[in-house]
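This report concerns only the one structure given below.
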Amino acid sequence: MVEVISFDVDGTLVYPSFADHVWLEGVPQLYAKQYGIPFEIAKEKIFREYEKIGEEDIRWYELGYWFHHFHLEGSPHELLNRYKDKIMIYEEVSEVLDHLHRKYTLIVVSNAHGDFLSLIL
């Protein structure tokens, strides 16, 4: 008998737009501004570095790691807060979770870093 239902966050409970903006726009923008290079050049460099680490490595998900790696000024929390307005919950999520929590224990399992999850949840 099912007692617990787990949900991923990005792409299941919320649109992936928040994470996408942070990783694909925010980090390259910071890098471009700090090092005085065009955004597209910064984006290519950042993406090459992301690929070197790869999604199987826990560091890939840690914004703090990338701030240190690229010697970026500011903080991961500042960057996350800049894009928190991009957090969008799928329309049906509230109703579904409200219905399911009456019968099941609901949990979130995600590879997203806690810094992201604390804002999303």
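The values are calculated or read from the model by the stated rules, or taken from the named source; none is laboratory data. Quick caveat: nothing in here was measured; it's all calculated off a predicted structure. Ideal geometry is used to build each Cβ from the backbone, glycine not excepted, and the neighbour counts take in all protein chains shown. Ligands, DNA and RNA are stripped out before the accessible areas are found, and what is left, the full protein with its side chains, is counted by its heavy atoms. Shrake-Rupley method; radii C 1.70, N 1.55, O 1.52, S 1.80 Å.
Neighbours of residue 43, meaning other residues whose beta-carbon lies under 12 angstrom from its beta-carbon, give a summed charge of -2 when Lys and Arg score +1 and Asp and Glu score -1.
Only lysines eight or more places from residue 86 in sequence, or on another chain, were considered; those with a Cα closer than 29 Å are 33, 43, 45, 52. The mean accessible area for residues of the chain, using a 1.4 Å probe and ignoring ligands and nucleic acids, is 65 Å² per residue.
When the helices of the chain are scored as -39500 (n - 2.57) per DSSP H run of n ≥ 4 and the total is divided over every residue, the value at 222 nm lands at -13500 deg cm²/dmol. Within the shell of other residues whose beta carbon sits under 15 angstrom from the beta carbon of residue 103, the net charge comes to -2, with Lys and Arg scored +1 and Asp and Glu -1. Volume per residue for the chain equals 107 cubic angstrom (convex hull of Cα atoms).
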